[in-house]
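Read the structure below first, then the notes.
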Amino acid sequence: MKELRDEIILQVEPIIIKEGYSFYDLEWQKESSIWILRIYIDNKEKNINIDECANMSKIIGKFLDEECKLDLENYYLEISSPGLDRRLKSDDDFNWAMGKTLKVKHFYEAEKKKKVQGKLQAFNAEQIELMTKENELLVIKRDLIDSAKRAMIFEELAEKDSKDNTEEEIEL
């Protein structure tokens, strides 16, 4: 299954890049009795709208149906942006969220999880640093993070929208 996922990524990522987007993630999973191929595309400079996703769906769908050398079972293709509440996984993701408020679930004692919220101050391969509302600096080891997502703080969300200088709605 992982080999098929990796091969799909290998074949569709160049198409995504050619169209001016970046590849974020891919899911290949069975839901009920139907296979779903869900591809997440991103654009660091602006929000992606539904028309762009529909256009990429046509382009990638045509490639998968006509040119792709993989033997895919019948499936539904979904193209989406990861959204503002995306899971932060890579250095690129954390760089994208720098200075923004994050919600982080992490392990702290054995199997216990803790939820914290704070502005991302710094990160490296080993840890992230968050500043809480109480001006407490939290240092969390990255290998102990269960999930990290951007918090939906209106003022922070509006910053990107005003930088876009467009009339597009903020995706949630």
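None of the figures in this text is laboratory data; all of them are computed from the coordinates on show. Everything numeric in this text was worked out from a predicted model, so none of it was measured.
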Please identify, among LYS58, LYS112, LYS18, the residue showing maximal mean-square fluctuation in a Gaussian network model of the chain using a 10 angstrom Cα cutoff.
LYS112
For the stretch 91-161, shape from the Cα gyration tensor axes a ≥ b ≥ c, cut at a/c of 1.5 then a/b versus b/c, turns out prolate
How tilted is helix 154-164 with respect to the longest principal axis of the chain? Cα atoms for both, answer in degrees (0 to 90, nearest 10).
50 degrees
Taking 0.36 nm per residue of separation between LEU72 and GLU7 and subtracting their Cα-Cα distance, the length gained on full extension comes to 22.3 nm
Determine Rg/Rh for the stretch 2-80; Rg is computed over alpha-carbon atoms and Rh is the Kirkwood hydrodynamic estimate from the same atoms.
0.94
Helix 50-66: inclination vs the chain longest Cα principal axis, degrees, rounded to 10, gives 40 degrees
Cα-based helix-to-principal-axis angle, 2-18 vs the chain, degrees rounded to 10
90 degrees
Taking only the alpha-carbon atoms of the chain, what semi-axes of the equivalent ellipsoid follow from 5 times the gyration tensor eigenvalues under a square root, in whole Å, largest first?
32, 21, 13
